[in-house]
Amino acid sequence: MKIDLEDALSNNKYILDEEILPEFDNMEVRGINKPVYEASPVKLHLEHRGKRSVYITADASICILDKCDRCLKDVYIPLEIQTEHLYKEEEAQDPDNTAFIENNILDVDDLIKGEILTEYPVKVLCKEDCKGICPFCGKDLNPGDCGCKDQDKNLRMASLIDSYLKNKEV
Ligand SMILES: [Zn+2]
Ligand SMILES: [Zn+2]
């Protein structure tokens, strides 16, 4: 949702409290599109702060559905967003200040998306010690070993290195 901030910038009695549902059901995180699993309404507060400036706060709970980096199982990423900004029209050229405001139009979705990116975990794991999947048979190693013997794995690795070196020589 987009909100024209003109009133908030000019009217010194301006206060707005509103609950706004996010309008995106997926978003790009580090180049990969992830579905939004659940989202609460965004609690948005706008307040005039003198001389063409607006104080903005937004709270929201959002849950993104992602996949474990190691075993590819579904992982839910719950995020609590709490953010505040002081927007000054005269500083509107500052990209930090205007990523979600363009020509004094506030884009609530962009504001929330920016916060999600800041809060997003660097590593997505189903559990801290996820064992991942076997690179040879593809089995999930968390319930137990797959049966590929270490010897086989070593042999396979040796032959891979071997063919790699041969290819290099040609
Ligand atoms: Zn995992
Ligand atoms: Zn295996």
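The values are calculated or read from the model by the stated rules, or taken from the named source; none is laboratory data. The shown structure was predicted, so the numbers you read here are calculated from the model rather than taken from an experiment. When we count neighbours, we look across all protein chains shown, and the Cβ atoms used for this are built from the backbone with ideal geometry, even at glycine. Areas reflect the complete protein model, heavy atoms only, side chains present, ligands, DNA and RNA absent. Shrake-Rupley method; radii C 1.70, N 1.55, O 1.52, S 1.80 Å.
Taken over the stretch 23-54, the criterion of being over 28 Å from Glu6 (Cα atoms), open to solvent by 80 Å² or more (accessible area, probe 1.4 Å) and among the charged types (D, E, K, R) is satisfied by Asp25, Glu28, Arg30, Glu38. Residue check, Phe136 against (1) outside any helix (DSSP H, G or I); (2) at pLDDT 90 or above, all met but one. Which one? Condition (2) is where Phe136 drops out.
Can you spot a residue in the stretch 82-103 that is within 20 Å of the chain's Cα centre (by Cα), more than 25 Å from Thr57 (Cα to Cα) and surrounded by fewer than 16 Cβ atoms within 10 Å (Cβ to Cβ)? Looking through the stretch 82-103, none of the residues is within 20 Å of the chain's Cα centre (by Cα), more than 25 Å from Thr57 (Cα to Cα) and surrounded by fewer than 16 Cβ atoms within 10 Å (Cβ to Cβ).
Candidates are the residues of the stretch 58-73 that are among the acidic types (Asp, Glu) and touching a residue at least 40 places away in the same chain (Cβ under 8 Å); the one that is surrounded by the fewest Cβ atoms within 10 Å (Cβ to Cβ) is Asp69. The criterion of at least 2 residues that are modelled with pLDDT of 95 or more and closer than 30 Å to Asn142 by Cβ is met, among strands (runs of 3 or more DSSP E) falling completely within the stretch 1-119, by 32-39, 53-67, 74-88.
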